[in-house]
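See structure below.
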Amino acid sequence: MSKPIVATASLAGCFGCHMSILDIDERILPLIDLVEFNKSPIDDIKEFTKTCDIGIIEGGCCNSENVHVLKEFRKHCKILISLGECAIMGGLPALRNGIPIGECLKEAYLEGPTVKNNVHKILPNDSELPMLLDRVYPCHEIVKIDYFLPGCPPRADLIWDALVALITGKEMKLPYEVIKFD
Amino acid sequence: MSEKIAFTIDGVTCKGEKGQFLVDAARDNGIYIPTLCNIPGVNPKSCCRICTVYVNGLPMTACSLQVFDGMEIINDTPALIEQRKIILEALFVEGNHYCPFCEKSGNCMLQALAYRFGMLAPRFPYTFPVREVDASHPKIIKDQNRCILCKRCIKAIKDEKGRSIFAYHRRGNKLRVHIDPKLALALTDELAQKAMDVCPVGSILVREKGYRVPIGQRTYDKMPIGSDIEVKK
Ligand code: SF4
Ligand code: SF4
Ligand code: FES
């Protein structure tokens, strides 16, 4: 049997969940034996080159690019996992959800206390830039998500156990301490 | 001497005393019935419904029901666990619960119940309501984003004249629990801490007291909520 193929992406996240994947320490070696990585910031493969078995998503959706990537993942991955609080509930980026988008942009680019050089009072509007969404969306409100691994970041042991269980088809025996929302 | 009573919970024979509330009687028998709005020793208001059990076939709130002889209680079934999860999930999406930076995280009953009943992501869409944080009082901060309107603070926190420091304000989805600004001025350190402790979530915070206990040593870091009751079994 060929190895299961894993892809990962960081959307509106801080990359902390990916750091937590790497936090499995020396188990990274058996992981390389167990799976093959496809599109992922870990190996810098930018486009899907094959259908993947497991897609791991960090971060929610705050702009059109995030939505596009997430939908690509749903298309190319048999199983999709929301990894961490940002993917599951929007996380810290969702703090802007109660603030009108115009106000956010004004604060960030025009009136914020650290704004010094925007002499022409420009709000970023290049067509190359992804459009901000009206608010930050949890991934499962955009596409179907199969599994949720909570935490900020999720504990490395949780990620490891969940991946091994998925790959080997064994039941997860998760100790109480590893499922946390913080 | 009070009258002894016998009843069963999930088929296990239990003993209690007449007039005892079911959650308390169950606790004495080493059985955990989850509660959220209830405070032991304070008159129950039954507003969260998390303690719902089946009593002789009928759903009832165990925090407000007094035990009677021969009652047959169903507490731990997949259907009841699912109902409890639904309540918890509804509470999570109804407010703004950012556990990663919440000062109550690890000591929060809502979060602990979600851990115990295996909530990973709520089935309902997040509402992201716009709520205010009232930081105008000298000792405590009231964060409405996390208030689950359980009334615990209203029932338990009174000044020396018996006046409530917290009160309901407005109705429906505008309902908030507010602090009386004058009484808040006179709040002692002890009462402020008691208010924070009585709040099951992180809606009442004492200033400059957050994050004192490191992760790993907080109330619900190692053991699920209710396990202290179950060890008595
Ligand atoms: S009050 Fe509890 S559930 Fe809400 S954010 Fe804080 S820790 Fe999480
Ligand atoms: S402030 Fe806390 S104790 Fe008071 S009603 Fe809200 S959640 Fe309950
Ligand atoms: S604890 Fe019984 S209704 Fe809330």
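Mind checking whether some residue in the range B:152-169 is hydroxyl-bearing (Ser, Thr, Tyr) and within 16 Å of ligand 1 (Cβ to nearest atom)? Step through it out loud before you land on a result.
Looking only at the range B:152-169, we keep the residues that are hydroxyl-bearing (Ser, Thr, Tyr), and these are B:164, B:168.
This time we only want the ones that are within 16 Å of ligand 1 (Cβ to nearest atom), so: none.
No, the range B:152-169 has no match at all.
Among what's in the range B:197-212 and is within 14 Å of chain A (Cβ to nearest Cβ) and away from ligand 2 (no atom under 15 Å from the Cβ), pick the residue that is most open to solvent (accessible area, probe 1.4 Å). Show your work before the answer.
Restricting attention to the range B:197-212, the residues satisfying the condition of being within 14 Å of chain A (Cβ to nearest Cβ) are B:201-202, B:210-211.
Now drop any that are not away from ligand 2 (no atom under 15 Å from the Cβ), which leaves B:210-211.
Numbers: B:GLY210: 22, B:TYR211: 145 Å².
Within the range B:197-212, the match that is most open to solvent (accessible area, probe 1.4 Å) is B:TYR211.
Report, ordered by the first and then the second residue, all pairs with beta carbons closer than 6 Å, sequence separation of six or more or different chains, a first member in the range B:196-222 that is among the basic types (Lys, Arg), and a second member that is assigned to a loop (DSSP other than H, G, I, E, B) and open to solvent by less than 20 Å² (accessible area, probe 1.4 Å).
That search, which allows pairs on different chains as well, returns B:ARG218/B:GLY106.
Quick check on my filter: what residues within the range A:138-182 are over 21 Å from A:CYS61 (Cβ atoms), within 9 Å of chain B (Cβ to nearest Cβ) and in a loop (DSSP other than H, G, I, E, B)?
A:ILE179, A:LYS180, A:ASP182
Mind telling me which of the residues B:ILE215, B:ILE225 ends up being open to solvent by 90 Å² or more (accessible area, probe 1.4 Å), within 13 Å of another protein chain (Cβ to nearest Cβ) and in a loop (DSSP other than H, G, I, E, B)? Talk me through it step by step, then tell me what you get.
Working: B:ILE225 fails: open to solvent by 90 Å² or more (accessible area, probe 1.4 Å).
Just one listed residue meets the conditions, B:ILE215.
Can you tell me which of B:LEU91, B:LEU110 is within 12 Å of ligand 3 (Cβ to nearest atom), within 11 Å of another protein chain (Cβ to nearest Cβ) and of a type outside the set (D, E, K, R)? Show your work before the answer.
Values: B:LEU91 fails: within 11 Å of another protein chain (Cβ to nearest Cβ).
Residue meeting the stated conditions: B:LEU110.
State whether the residues of the range A:80-97 include one that is more than 30 Å from B:GLU103 (Cα to Cα) and open to solvent by 10 Å² or more (accessible area, probe 1.4 Å). Reasoning before the result, please.
First, the residues of the range A:80-97 that are more than 30 Å from B:GLU103 (Cα to Cα): A:80.
In the following step, the residues that additionally are open to solvent by 10 Å² or more (accessible area, probe 1.4 Å) were identified as none.
No, that holds for no residue.
Restricting to the range B:53-80, give me the number of residues that are outside any loop (DSSP other than H, G, I, E, B) and either closer than 25 Å to B:GLY202 by Cβ or within 16 Å of ligand 2 (Cβ to nearest atom) (or both).
Step one: list which residues in the range B:53-80 are outside any loop (DSSP other than H, G, I, E, B), which gives B:53-55, B:58-61, B:66, B:72-74, B:78-80.
Pick out the ones that are also either closer than 25 Å to B:GLY202 by Cβ or within 16 Å of ligand 2 (Cβ to nearest atom) (or both) and you get B:61.
Matching residues across the range B:53-80 total 1.
When you go through (1) assigned to a loop (DSSP other than H, G, I, E, B); (2) away from ligand 2 (no atom under 16 Å from the Cβ) one by one for B:CYS48, which number turns out not to apply?
(2)
Residues that are modelled with pLDDT of 95 or more and more than 30 Å from B:SER227 (Cα to Cα): does the range B:118-125 have at least one?
yes
Where residues in the range B:120-133 are more than 7 Å from chain A (Cβ to nearest Cβ) and closer than 11 Å to B:ALA90 by Cα, which of them is most open to solvent (accessible area, probe 1.4 Å)? Don't jump to the end; show me each part of the working.
Here is the first cut: in the range B:120-133, the residues more than 7 Å from chain A (Cβ to nearest Cβ) are B:122-124, B:127, B:129, B:131-133.
Checking the rest, the ones that are also closer than 11 Å to B:ALA90 by Cα come to B:122-124, B:127.
Working: B:PRO122: 5, B:ARG123: 111, B:PHE124: 69, B:THR127: 83 Å².
Per the criteria, the residue is B:ARG123.
Within the range B:41-88, restricting attention to residues that are modelled with pLDDT under 95 and under 29 Å from B:ASN173 (Cβ atoms), which residue is nearest to ligand 3 (Cβ to nearest atom)?
B:SER46
Scan B:PHE101, B:PHE117 and give me the residue that is over 20 Å from the mean Cα position of the chain (by Cα) and within 14 Å of chain A (Cβ to nearest Cβ).
On the way: B:PHE117 fails: over 20 Å from the mean Cα position of the chain (by Cα).
One residue alone meets the criteria, B:PHE101.
Of all residues in the range B:46-96, how many are among the charged types (D, E, K, R), closer than 25 Å to B:LYS155 by Cβ and within 16 Å of ligand 1 (Cβ to nearest atom)?
Narrowing the range B:46-96 to residues among the charged types (D, E, K, R): B:49, B:69, B:72, B:76, B:82, B:84-85, B:89, B:94.
Among the residues that remain, those that are also closer than 25 Å to B:LYS155 by Cβ are: B:49, B:84, B:94.
Checking which are within 16 Å of ligand 1 (Cβ to nearest atom) leaves us with B:84, B:94.
The qualifying residues number 2.
Kindly indicate whether A:CYS86 is within 14 Å of chain B (Cβ to nearest Cβ) and either β-branched (Val, Ile, Thr) or not in a helix (DSSP H, G or I) (or both). Can you show your working first?
Values: within 14 Å of chain B (Cβ to nearest Cβ): yes; either β-branched (Val, Ile, Thr) or not in a helix (DSSP H, G or I) (or both): no.
Judged against the criteria, A:CYS86 is not a match.
Only residues that are modelled with pLDDT of 95 or more and either open to solvent by 10 Å² or more (accessible area, probe 1.4 Å) or of a type in the set (Val, Ile, Thr) (or both): list them for the range B:19-37, please.
Taking the range B:19-37 and keeping what is modelled with pLDDT of 95 or more, we get B:20-37.
Within the range B:19-37, B:GLN20, B:PHE21, B:VAL23, B:ASP24, B:ARG27, B:ASP28, B:ASN29, B:ILE31, B:TYR32, B:ILE33, B:THR35 qualify.
Within 16 Å of ligand 1 (Cβ to nearest atom), in a helix (DSSP H, G or I) and hydrophobic (A, V, I, L, M, F, W, C): is that true of B:PHE124 in this structure? I'd like the intermediate steps shown before the answer.
Values: within 16 Å of ligand 1 (Cβ to nearest atom): yes; in a helix (DSSP H, G or I): no; hydrophobic (A, V, I, L, M, F, W, C): yes.
Answer is no for this residue.
Name the residue, out of B:LYS194, B:LYS161, B:LYS104, that is part of a loop (DSSP other than H, G, I, E, B), open to solvent by 40 Å² or more (accessible area, probe 1.4 Å) and basic (Lys, Arg).
On the way: B:LYS194 fails: part of a loop (DSSP other than H, G, I, E, B); B:LYS104 fails: open to solvent by 40 Å² or more (accessible area, probe 1.4 Å).
Among B:LYS194, B:LYS161, B:LYS104, only B:LYS161 is part of a loop (DSSP other than H, G, I, E, B), open to solvent by 40 Å² or more (accessible area, probe 1.4 Å) and basic (Lys, Arg).
The values are calculated or read from the model by the stated rules, or taken from the named source; none is laboratory data. Nothing here was measured: the structure is a model prediction, and the numbers come from that model. Note that we place each Cβ from the backbone using ideal geometry, even for glycine, and neighbour counts take in every protein chain shown. Heads up: the accessible areas ignore ligands, DNA and RNA and are worked out on the full protein's heavy atoms, side chains in. Shrake-Rupley method; radii C 1.70, N 1.55, O 1.52, S 1.80 Å.
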